[in-house]
1. With the condition kept exactly as written, say whether any residue in segment 579-591 is aliphatic (A, V, I, L, M), in a loop (DSSP other than H, G, I, E, B) and touching a residue at least 24 places away in the same chain (Cβ under 8 Å).
2. Can you tell me which residue is farthest from residue 62 (Cα to Cα) among those in segment 175-194 that are small (Gly, Ala, Ser) and surrounded by fewer than 23 Cβ atoms within 10 Å (Cβ to Cβ)?
3. Only residues that are surrounded by fewer than 21 Cβ atoms within 10 Å (Cβ to Cβ) and without any contact (Cβ under 8 Å) to a residue 60 or more places away in the chain: list them for segment 11-29, please.
4. For residues that are free of Cβ contacts under 8 Å to residues at least 24 places away in the same chain and loosely packed, with under 15 Cβ neighbours inside 10 Å, tally how many sit in segment 339-376.
5. What is the one condition in (1) surrounded by fewer than 15 Cβ atoms within 10 Å (Cβ to Cβ); (2) in a loop (DSSP other than H, G, I, E, B); (3) modelled with pLDDT under 90 that residue 270 does not satisfy?
6. Could you please let me know if residue 452 is surrounded by 14 or more Cβ atoms within 10 Å (Cβ to Cβ) and either of a type in the set (Asp, Glu) or over 23 Å from residue 128 (Cβ atoms) (or both)?
7. Select from segment 622-642 the residues that are of a type outside the set (Phe, Trp, Tyr), in contact (Cβ under 8 Å) with a residue 12 or more places away in the chain and part of a loop (DSSP other than H, G, I, E, B) and list them in ascending order.
Amino acid sequence: MPTSAIELLERHFGFKTFRPGQREVVDALTGRGRALAVFPTGGGKSICYQLPALMLDGLTLVVSPLIALMKDQIDFLRSRGIKAARLDSSLSPEESRALANDMAAGSLSLLYVAPERFNNERFLDSLRRTKIALFAVDEAHCISEWGHNFRPDYLKLAETAKKLGVPRVLALTATATPSVVKDICTAFDILPEHAIVTGFYRPNLELVITPVTHGERDATLADRISARPPGPSIVYVTLQKTAERVAEQLRKKGHPAEAYHAGMESEDRSAVQDRWMASDKRIVVATIAFGMGIDKSDVRYVYHYNLPKSLESYSQEIGRAGRDGETSIVELLACADDVASIESFAYGDTPTTESLTSLVDELVTKEGDIEVSHYALSERHDMRPLVLRTALTYLELLGVLRQKTPTYAGYKVRLLRPRDEVLAQFKGEPRDFLASVFDNAKEGRIWLSIDPAGVAAAVGHDRTRVVRALEVLEERGLAELTAADLRHRYERLTGHPEREALVADLAGRFAKREQQEIERLAQVLALAERADCHTNALVAHFGEVRAAPCGHCVPCRTGKVSPLPRPGSAPPLPADLDVSAVRALASKHRDALGEPRQRARWLVGLTSPALTRAKLTRHPLFGTLGGRSFREVLEWCESEAG
């Protein structure tokens, strides 16, 4: 390790020594140029790319889905005199232009972007003109097709890094099983010896799993909070309405609790987060998105009011406690009543065979290239957007489609100076070309609407030049540019399987994902009922073997564990369900309720594009079987169809 690295570490970050694993990661990057860092939450992953960014010549590009992480880290880096920025939709036109100028000038050390940003043709074009020193991918476990949090956009990042010709790649995650580590290394061409896994055991976290019934849970949570010294706390719940209800109940008990979930206005969420960050005793009752990327080191308690959906999620969420190294308590109120609702989310992500068939018919069985809107595809084939993107990724993995660079079908341009003054900034043929672009635009009161493909055809040039001309106007501060109507482009590849075989393959993949999600929830239940050390069992899931028990989980302290109370059996369906009303609605809304799985989703309270379009999520029967097993409801719907 060069002495300069240690000097930079102390000068810019205030650390005199490396934390476990950091030196090895930086060595791998400066040597072979490839590394994977699997560090626990709070283990210092960010230093692994922030420090090399100061050592290398060029831009360090950090890919992260966590807006909160981007904002916090950028503020920190700027306070240390390091030039860092983020690129997202919240930037003003002036901020976007300044960022583009910094990239062009090579004066930016780090740039944070979301993985979806690589669907933007303008961004990709700017990267091709930028010297990239390091390509860092946070939350890299999302790249694994069979991991607990697969995101299709992540799977394409490895190919993007290759196309851009980046010399160094760093993948980072806090939750990766051995199989997921292998997937990440394969995708990014990382040697096994350069996968640095520092371990998952956190000695300062006291793991408590308490079996409760549905009726006991509220009182148990309130009693725990009342009995323990006040401290910054997170209570994780599954549903938005649960967050609101539990927060209200805790406030009535005198606790400073607030709800946080995606259904709130962004300003309200930010205010809740800011109050919690500034306090040493406030409680946030939140859905699982809260806490990702937030750097608050003194969280003393993390409660799981509902079961987590997997051990990976559980590990990540409890990892937000005690990042300062002080003792913290993480308690799971294990209630078997949660199983049906959590399983429903897994079942609800599985598209019907009819949806898959119609998607294949539209995209695969015809000739020529494809240009489509993902939103429109989602609506036409009744798949939620993430499910649709997963299906499209499967078609790419099967060698049926190849994604090309997405484009925008339209641009809006607001000239910041009179047209003649703008044209006067250019001479000769470039001026004539730009004038012809303006002549072929649709003129509004303030904005010019431009169809790049249509204008290109009219003026006899290619589309790329039209788009680049508009970008130059923005870069020079002559115009404000807004892109609209994102179109995803795919090339159909030859030699694809027959239609029926392809649909069967897709259906099989989704069925496998569904089964894996159900098994992951079963692993959580199994952990809660283990008779031996819970902490050791949890870290063993990630490949870490400990010889001695932790000494502070429930089995270690008491020598026993109680089984989870199982909910009583409900009367067989249809019970008191208004069957005639269900049949009538299914007959009237065949697009939304024509298939048994669609009806099952609706009855347990899961939305879909077709249900929303038909306004059936407002119907009194929506969610009436929400407490039932999805499999049970689906079997009843299938028997009704027969």
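The values are calculated or read from the model by the stated rules, or taken from the named source; none is laboratory data. The shown structure was predicted, so the numbers you read here are calculated from the model rather than taken from an experiment. Every residue, glycine as well, gets a Cβ built from its backbone with ideal geometry; the counts of neighbours run over all protein chains shown.
1. First, pick out the residues of segment 579-591 that are aliphatic (A, V, I, L, M): 579, 581-582, 584-586.
Subset that is in a loop (DSSP other than H, G, I, E, B): none.
No - not one qualifying residue is present in segment 579-591.
2. 179
3. Those that are surrounded by fewer than 21 Cβ atoms within 10 Å (Cβ to Cβ) and without any contact (Cβ under 8 Å) to a residue 60 or more places away in the chain: 11, 14, 15, 16, 17, 18, 19, 23, 27.
4. Looking only at that region, the number is 3.
5. The number of the failed condition is (2).
6. Values: surrounded by 14 or more Cβ atoms within 10 Å (Cβ to Cβ): yes; either of a type in the set (Asp, Glu) or over 23 Å from residue 128 (Cβ atoms) (or both): no.
So residue 452 does not fit the description; no.
7. Taking segment 622-642 and keeping what is of a type outside the set (Phe, Trp, Tyr), we get 623-629, 631-635, 637-642.
Filter once more, keeping what is in contact (Cβ under 8 Å) with a residue 12 or more places away in the chain: 623-629, 631-634, 637-638, 640-641.
Of everything in segment 622-642, those that are of a type outside the set (Phe, Trp, Tyr), in contact (Cβ under 8 Å) with a residue 12 or more places away in the chain and part of a loop (DSSP other than H, G, I, E, B) turn out to be 623, 624, 625, 626, 627, 628, 629.
This table checks each residue for (1) closer than 30 Å to residue 556 by Cβ; (2) part of a loop (DSSP other than H, G, I, E, B); (3) in contact with a Lys or Arg (Cβ under 6 Å, 6 or more places away or on another chain); (4) among the basic types (Lys, Arg).
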position: 158; (1), (2), (3), (4): no, no, no, no
position: 170; (1), (2), (3), (4): no, no, no, no
position: 196; (1), (2), (3), (4): yes, no, no, no
position: 202; (1), (2), (3), (4): yes, yes, no, yes
position: 234; (1), (2), (3), (4): yes, no, no, no
position: 243; (1), (2), (3), (4): no, no, no, no
position: 248; (1), (2), (3), (4): no, no, no, no
position: 258; (1), (2), (3), (4): no, no, no, no
